[in-house]
Amino acid sequence: MKVLRSDDGAVRTLTLNRPEVRNALDTELLAGLLSELRDAAADPEVRCLVLTGAGKGFCAGADVKAWVEEGPEADAGPSPWVELAHALVTELAAAPLPTVALLNGAAVGAGLDLALACDFRIAAAEARFACAYTWLAYPPDAGGTWLLPRVIGLERAKRFVYTGELWDAETALANGLVSRVVPLPDLTAAGAALAAELASGPTVAIGHAKRLLDTSHSRTLAEQLREEAAAGQACSRTDDHREALAAAAEKREPRFRGR
């Protein structure tokens, strides 16, 4: 199995499982991840998604060896790899549930783009980061040019992409690429704690907030206020909103169910 699935309550973890090649993305792995992502997004019992890698790396990016074996494609249309990668990154970034990337090792090229499409990134101290496309005289093609500037800012993104420089975990933290760095033995526990906190929240409202935040740059303030009002009306009809009001009146902690 190139993608492993495990559930812990309302938290689902998907593990890239090609450790012998640092979880390099071939078409089979991309298709498996996309299928699992769609299953998680459609399952009301899944309220947070965690993405990590087996072995010593998170993801080495595209399986370049497979690309070489397939030969040049300058005159061809979009490859199956590109189509799958684009679908995966698009749907992961827009997933209606909170997402967390646990970066147990190197995340480079399309592997880094995969992490950037998640809401949060926690890195092991051993993790390393690079825009490996640069090393191949190729531009980012799995969403990195859209995601990276939104995470770390445009000028930092340009430097990172143009130079192809390698960042260690502390440099990534200083530049806002990850939100936390922990020792590798503590990574799973740190991710589980954050995922459990997110999964216990009002995940319908979180989903609306995620969409509003991610798309706010495309609207005027007046347009955004109208979108917020519509989202608020939708959330006002949820069980979680009614529970929150009851908990406030009873002076207790709310118990959200994601409905």
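The values are calculated or read from the model by the stated rules, or taken from the named source; none is laboratory data. No experiment lies behind these values; they were computed from the predicted model shown. Cβ: placed from backbone, ideal geometry, glycine included. Neighbour counts: every protein chain shown.
Quick notes on this one:
- Test set (1) under 20 Å from Gly53 (Cβ atoms); (2) of a type in the set (D, E, K, R); (3) surrounded by 16 or more Cβ atoms within 10 Å (Cβ to Cβ) - Asp141 fails condition number: (1)
- Listed here are the strands (runs of 3 or more DSSP E) enclosed by segment 92-147 that have at least 2 residues being farther than 21 Å from Gly164 by Cα and in the same structural domain as Trp167 (by TED's automatic domain parsing): 99-103, 120-124.
- Of all residues making up segment 114-151, the number that are hydrophobic (A, V, I, L, M, F, W, C) and either over 15 Å from the mean Cα position of the chain (by Cα) or farther than 22 Å from Ala95 by Cα (or both): 10
- Filter pass, Ala192 being over 30 Å from Gly61 (Cβ atoms) and of a type in the set (A, V, I, L, M): no
- Test: Leu221 is surrounded by 14 or more Cβ atoms within 10 Å (Cβ to Cβ) and not assigned by TED's automatic domain parsing to the domain that holds Ala40: no
- All positions within segment 224-254 that are more than 21 Å from Pro96 (Cα to Cα) and surrounded by fewer than 10 Cβ atoms within 10 Å (Cβ to Cβ): Ala249, Glu250, Lys251, Arg252, Glu253
- Residue in segment 159-169 that is exposed (fewer than 14 other Cβ atoms within 10 Å of the Cβ), under 30 Å from Ala115 (Cβ atoms), more than 19 Å from the chain's Cα centre (by Cα) and hydroxyl-bearing (Ser, Thr, Tyr) present: yes
- Positions within segment 96-110 being over 17 Å from Arg150 (Cα atoms) and not β-branched (Val, Ile, Thr), in sequence order: Pro96, Leu97, Pro98, Leu102, Leu103, Asn104, Gly105, Ala106, Ala107
- Members of segment 116-138 that are surrounded by 22 or more Cβ atoms within 10 Å (Cβ to Cβ) and closer than 24 Å to Val82 by Cβ: Leu116, Ala117, Arg121, Phe129, Cys131, Ala132, Tyr133
- Tally of residues being within 21 Å of Ala85 (Cβ to Cβ) and either free of Cβ contacts under 8 Å to residues at least 24 places away in the same chain or assigned to a helix (DSSP H, G or I) (or both) across segment 153-182: 3
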